[in-house]
Amino acid sequence: MESVTVARKQSPTGATEAPATSSAPTNADAREETDGFHLLIDALKLNGIDTIFGLPGIPITDLTRKAQAAGLRVVSFRHEQNAGYAASIAGFLTQKPGICLTVSAPGFLNGLTALANATTNCFPMILISGSSEREIVDLQQGDYEEMDQLAIAKPLAKAAFRVLHAEDIGIGVARAIRAAVSGRPGGVYLDLPAKLFPQAMDAEAGRQSLIKVVDPAPRQIPAPEAVKRALDLLSNAKRPLIILGKGAAYAQADADIRALIEKTGIPYLPMAMAKGLLPDTHEQSAAAARSYVLPEADVVMLIGARLNWLLAHGKGKTWGGKSAKAWGGQKFVQVDISPIEADSNVRIDAPVVGDIGSCVKAMLDRIGANWPKPPSDWLSAIGERKSRNVAKMADTLAKNPTPMNFQSALNVVRDIVKANPDAYLVNEGANALDFTRSIVDMYKPRKRLDVGTWGVMGIGMGFCVAAAVVGNEQVIAIEGDSAFGFSGMELETICRYKLPVCIVILNNNGVYRGDETNWAGDVDGDPSPLVFVKNARYEKVIEAFGGVGLYATTPDELRKGMEEAVRSRKPTLINAVIDEKAGTESGRITSLNPTAKKT
Ligand code: FYN
Ligand code: ADP
């Protein structure tokens, strides 16, 4: 452990004086001391945390400086929400908790959206916020940025802790790490009052107080009878299906998951962030036959995917049910680390509780050469449906309309991603999200990073920064023009850190589309709430920070721009102008949007 220490002289009364800045005692009667700043940094480093995403200010300004001086990478953002999203996706990519550091009350609240999103998505993250004086906050005496942050964070976090004494920092950090990554991962809040940072203590006692967490995410081995029950169900299925979710991607059990799919021969459907876990071009992928396989399957094994709204709650017409909430008749196997996930929406006939790596391995161990491959009529029916959809897609992509539309622009992105399979693809928007998900194939695990369980807008630039920083690869972001607006100011961050990020804005002048008028019929009045400034020149914004801004109105221009961005690795924003009439309300989830009559 590298311990950064400060020297403090003891006064005759025994009280300590202000810390000197050297790392060694300055004279004979000085003893080696450390303080809250250094203990926190040491505790993080001791646990292999090498990056902090955050935004400096009272009371954590010096913490950011000292962390950087101590060798941590400190990535400083323009808004805490984006730093929080960056931390959360860094957690997803690395299985280590992503750290977001903020100031008190408003900064904390800005980070809280990302913390709640991390908890919802099962991403491991720790939001560390400075806070005001407990004595004043609890008596509501009006402190600077007064807020009972711990109480506010609790319902939105998997766990929340406050540390009041320097000697407890090691425990606070250890508890936060364990809570974030063990079991079902999630967001953890760590509250550090301003007074904690300069608190001094003996350096050796400080060193002793730190904890290197042993086995932070212990394996959870499934019960053999649960594995047997699941395989019995699956092997007797006539029309089996496997659904891979982002929990499967998170687990980093890529080779075994692929082996399970290939050994069983069962068709699989990747959820959005599980795309690329096996290459989307894999012959067993049923992605292009989604609306066929869900209602037709008789046994479905979910691996790291919840039966939430994204899977129509496992029932209703999507699943062949006779009415909106009727069960479709499927039997379900659910592989999940959470013992309480099963039966959340429909009956789970064979829950397999454990970590995905261990569960998949246990299944593989029992699958021998005599495993019955799925009936060929099931596979050929899927194959036919797939070929039809793929041919339909190929026809659409071959068109070259003027102006560009989502498909002709994304045809270019599809080629660029194919040529650069290691690149991360960040994706948000409504139509920009939905079209990209089905058009752009992914080839490697954990490369597609998107709006996740909440369908949240605003993850874009934060995810780009994190993917470039912790993934150390080219990042391509496909952004709706509305979605981009939520985090656009982080272009400055991307340029400041010279990150290899190429942002493509599919610009149709508005939310969903850009041709709406004011429903009051007032042509001189305010624009519709759904439209933006027409022909906005988003590419000029990145130029203000020294990045490359490009304007593309044709697929050729877009292709040249993206190729150059990937070649140069320079921060680049391409304003890809598409037809303002392109796009439907809420993309493919129109049904979730209650509508009103226009008059
Ligand atoms: C998919 N498809 C393909 C391919 N991949 N066709 C050809 N080739 C390929 N490679 C087909 C697939 O079979 C579907 O057609 C269709 O494309 C769409 O596939 P997708 O995207 O997988 O399926 P769908 O129905 O959109 O999935 C439902 C969903 C999804 C809820 C999981 O819409 C989703 O993840 N939505 C997130 C929305 C969101 O969060 N929005 C942000 C807020 S927007 P058919 O089989 O013919 O149906 C606020 O307004
Ligand atoms: P998707 O949106 O892709 O369907 P979800 O976020 O709904 O995925 O589901 C992810 C699931 O994966 C959660 O239920 C979570 O408990 C589970 N999970 C996350 N990590 C692991 C792991 N290492 N082992 C087992 N299950 C996991």
Exercise. Within segment 534-563, work out how many residues are within 24 Å of P401 (Cβ to Cβ), surrounded by fewer than 17 Cβ atoms within 10 Å (Cβ to Cβ) and without any contact (Cβ under 8 Å) to a residue 12 or more places away in the chain.
Key: 2
Quiz item: Hey, does segment 226-236 have a residue that's of a type in the set (K, R), touching a Ser or Thr at 6+ places or on another chain (Cβ under 9 Å) and farther than 16 Å from I99 by Cα?
Solution: no
Quiz item: Somewhere in segment 581-589, is a residue within 16 Å of ligand 2 (Cβ to nearest atom) and not aromatic (F, W, Y)?
Solution: yes
Exercise. Give I578, I574 a once-over and let me know the one that is in contact with a Phe, Trp or Tyr (Cβ under 7 Å, 6 or more places away or on another chain) and closer than 18 Å to N509 by Cα.
Key: I578
Quiz prompt | Long-range neighbours under 7 Å by Cβ, at least six apart or interchain, first residue free of Cβ contacts under 8 Å to residues at least 12 places away in the same chain within segment 134-161, second of a type in the set (D, E, K, R) | solution = I136/D143; I136/E146; V137/D143; V137/E146; V137/D148; D143/E133
Quiz item: Of all residues in segment 134-149 being under 33 Å from the mean Cα position of the chain (by Cα) and part of a loop (DSSP other than H, G, I, E, B), which is surrounded by the fewest Cβ atoms within 10 Å (Cβ to Cβ)?
Solution: Y144
Self-check item: Pairs with Cβ under 9 Å, 6+ apart, first in segment 293-320 and within 13 Å of V346 (Cβ to Cβ), second at pLDDT below 95 and not hydroxyl-bearing (S, T, Y)
Solution: H313/K325; K315/A324; K315/K325; G316/A324; G316/K325
Practice problem: Hey, could you check segment 209-226 for residues that are away from ligand 2 (no atom under 14 Å from the Cβ) and among the hydrophobic types (A, V, I, L, M, F, W, C) and say which is surrounded by the most Cβ atoms within 10 Å (Cβ to Cβ)? | Solution: L210
Quiz prompt | Residue in segment 337-352 that is away from ligand 2 (no atom under 16 Å from the Cβ) and surrounded by 13 or more Cβ atoms within 10 Å (Cβ to Cβ) present | solution = yes
Exercise. Test each condition in (1) modelled with pLDDT under 95; (2) within 18 Å of V300 (Cα to Cα) for V353 and report the one that comes out false.
Key: (1)
Quiz item: Is there a residue being at pLDDT 95 or above, more than 22 Å from the chain's Cα centre (by Cα) and crowded, with 24+ Cβ neighbours inside 10 Å anywhere in segment 64-87?
Solution: yes
Quiz item: Out of the residues in segment 564-595 that are more than 16 Å from ligand 1 (Cβ to nearest atom) and aliphatic (A, V, I, L, M), which is surrounded by the most Cβ atoms within 10 Å (Cβ to Cβ)?
Solution: A576
Quiz item: Limited to segment 302-327, what total is found for residues that are within 13 Å of ligand 2 (Cβ to nearest atom) and either assigned to a loop (DSSP other than H, G, I, E, B) or surrounded by 15 or more Cβ atoms within 10 Å (Cβ to Cβ) (or both)?
Solution: 12
Quiz item: Taking only pairs six or more apart or across chains, which ones have beta-carbon atoms under 7 Å, a first residue in segment 425-443 that is farther than 16 Å from N508 by Cα and without any contact (Cβ under 8 Å) to a residue 40 or more places away in the chain, and a second residue that is within 16 Å of ligand 2 (Cβ to nearest atom) and assigned to a strand (DSSP E or B)?
Solution: V440/L425
Self-check item: Considering residues of segment 353-368 that are in a loop (DSSP other than H, G, I, E, B) and either buried (at least 21 other Cβ atoms within 10 Å of the Cβ) or of a type outside the set (G, A, S) (or both) only, the residue farthest from ligand 2 (Cβ to nearest atom)
Solution: I367
Quiz item: Does A381 fit the bill of being of a type in the set (A, V, I, L, M), in a helix (DSSP H, G or I) and free of Cβ contacts under 8 Å to residues at least 24 places away in the same chain?
Solution: no
Quiz item: With D191, D168 as the choices, which residue is within 24 Å of I60 (Cβ to Cβ), away from ligand 1 (no atom under 16 Å from the Cβ) and buried (at least 24 other Cβ atoms within 10 Å of the Cβ)?
Solution: D191
Exercise. Might you check whether a residue that is aliphatic (A, V, I, L, M) and surrounded by fewer than 21 Cβ atoms within 10 Å (Cβ to Cβ) occurs anywhere in segment 176-188?
Key: no
Quiz item: What do you reckon, is V413 of a type in the set (A, V, I, L, M, F, W, C), surrounded by 13 or more Cβ atoms within 10 Å (Cβ to Cβ) and within 16 Å of ligand 1 (Cβ to nearest atom)?
Solution: yes
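Residue-wise test of (1) of a type in the set (F, W, Y); (2) crowded, with 24+ Cβ neighbours inside 10 Å; (3) within 15 Å of ligand 2 (Cβ to nearest atom).
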position: V426; (1), (2), (3): no, yes, no
position: Y443; (1), (2), (3): yes, no, no
position: T453; (1), (2), (3): no, no, yes
position: F463; (1), (2), (3): yes, yes, no
Practice problem: Pick out the one residue from P351, P339, P240 that is under 26 Å from M442 (Cβ atoms) and either basic (K, R) or more than 13 Å from ligand 1 (Cβ to nearest atom) (or both). | Solution: P240
Practice problem: Please enumerate the residues belonging to segment 89-111 that are of a type in the set (A, V, I, L, M), part of a helix (DSSP H, G or I) and either without any contact (Cβ under 8 Å) to a residue 60 or more places away in the chain or more than 24 Å from N427 (Cβ to Cβ) (or both). | Solution: A105, L109
Quiz item: Taking segment 546-577, which residues are in a strand (DSSP E or B) and in contact with a Gly (Cβ under 7 Å, 6 or more places away or on another chain)?
Solution: L550, A552, T572, L573, I574
Quiz item: For segment 429-441, what are the residues that are within 8 Å of ligand 1 (Cβ to nearest atom), surrounded by 22 or more Cβ atoms within 10 Å (Cβ to Cβ) and among the aliphatic types (A, V, I, L, M)?
Solution: A430, L433
Quiz item: Among the numbered criteria (1) surrounded by 13 or more Cβ atoms within 10 Å (Cβ to Cβ); (2) within 16 Å of ligand 1 (Cβ to nearest atom), which single criterion is violated by K399?
Solution: (1)
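The values are calculated or read from the model by the stated rules, or taken from the named source; none is laboratory data. Because the structure is predicted, anything quoted here is derived from the model rather than measured. Cβ sites come from the backbone with ideal geometry, for glycine too, and all protein chains shown count toward neighbours.
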